[in-house]
């Protein structure tokens, strides 16, 4: 097996801590530890923690806290992972054999796309249609599936467009999968980061051959915890846990404890409201910035997530644009080429307003120099 380079992750991890303004992130500015462990007992428990190995699949308390978010789920339906990325990796690794067809929503976070190809499968795009507000072409999906289709991969809410599927679309996807016996993998890591504060429905409970992945990085503003999870049937969770033994083994005891604190109902409500408040305060900033450029940029407004996926009208490839912007202005954003698309840019708007405005001003000065 030869893994493809994950271009976007390599680009971000190389430069995100070296630029003045990082607008490549897809989440809100992270929660300070002091705000998360605000009660004296929580601080005492954290400082008294022994730094040994934690429960490899997540402590029962953590898995019970996660299961409570999904009607009918139990701790046996859960595997705690190192971020949602590991959950996606494990699910793809367990299921993909050479020659399998895997249908992947595009544009999308390209992790699964690269993994499928590296594992010897064939990745086939399920295109989101800009003219339909980034809804998927489900007629194309109906014609695309076959007896070779092992897996259909969805990201809902979507990265990078911020689009959210309707329940009718969700049900149609699982019905199409059921027709050929395919699995559905639903990455729901942006669930809870809705600008209208209406929680996105989960795929959970709609299908028997289903894997839901999620975590605390995006909607919760806690990427440094590196806590994610996989939700599926107990039999599939057992299979995935065996693969997990070959990767990170398990979460740290610090992350497990802090995740349990974050998932208490009152703290969870506070975290999600914090995220939604940031999105609603910051989106007008980027909307005004786009409008100020007189048609150079266009946007289908995201319903969820701290990301704006812009089409642009400039005579420069997006990969060259983001590289020159980084080099000349010390601003980092993502290229549409990272999502298999040309003439698009992904700009994160989840940082503090003054930081966001300063980064956008530098992008403006760069664009002015291109004309």
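The values are calculated or read from the model by the stated rules, or taken from the named source; none is laboratory data. Keep in mind that this is a model prediction, so the values were computed, not measured. Neighbour counts run over all protein chains shown; Cβ positions are idealised from the backbone, glycine included.
Quick check on my filter: what residues within region 46-88 are assigned to a strand (DSSP E or B) and either over 19 Å from residue 233 (Cβ atoms) or not assigned by TED's automatic domain parsing to the domain that holds residue 213 (or both)? Answer for region 46-88, where residues must be assigned to a strand (DSSP E or B) and either over 19 Å from residue 233 (Cβ atoms) or not assigned by TED's automatic domain parsing to the domain that holds residue 213 (or both): just 82. Just a yes or no: is a residue in region 301-316 closer than 29 Å to residue 156 by Cα, out of contact with any helix residue (DSSP H, G or I) (no Cβ under 6 Å at 6 or more places or on another chain), free of Cβ contacts under 8 Å to residues at least 40 places away in the same chain and in a helix (DSSP H, G or I)? Checked region 301-316: no residue is closer than 29 Å to residue 156 by Cα, out of contact with any helix residue (DSSP H, G or I) (no Cβ under 6 Å at 6 or more places or on another chain), free of Cβ contacts under 8 Å to residues at least 40 places away in the same chain and in a helix (DSSP H, G or I). Restricting attention to region 127-144, the residues being surrounded by fewer than 20 Cβ atoms within 10 Å (Cβ to Cβ) and not in a helix (DSSP H, G or I) number 5.
Across region 89-109, the qualifying residues are those that are more than 18 Å from the chain's Cα centre (by Cα) and outside any helix (DSSP H, G or I), and the one among them that is surrounded by the most Cβ atoms within 10 Å (Cβ to Cβ) is 102. For region 320-371, filtering for residues that are farther than 18 Å from residue 292 by Cα, in contact with a strand residue (DSSP E or B) (Cβ under 6 Å, 6 or more places away or on another chain) and assigned to a helix (DSSP H, G or I) leaves 4. Taking the listed residues 321, 299, the one that is buried (at least 22 other Cβ atoms within 10 Å of the Cβ) and at pLDDT 95 or above is 321, with no other qualifying.
Being assigned to a strand (DSSP E or B), touching a helix residue (DSSP H, G or I) at 6+ places or on another chain (Cβ under 6 Å) and surrounded by 17 or more Cβ atoms within 10 Å (Cβ to Cβ) holds for only one residue in 152, 112, and it is 152.
Do we find a residue being within 22 Å of the chain's Cα centre (by Cα), within 26 Å of residue 50 (Cα to Cα), in a helix (DSSP H, G or I) and modelled with pLDDT of 95 or more anywhere in region 244-255? For region 244-255, residues within 22 Å of the chain's Cα centre (by Cα), within 26 Å of residue 50 (Cα to Cα), in a helix (DSSP H, G or I) and modelled with pLDDT of 95 or more: present.
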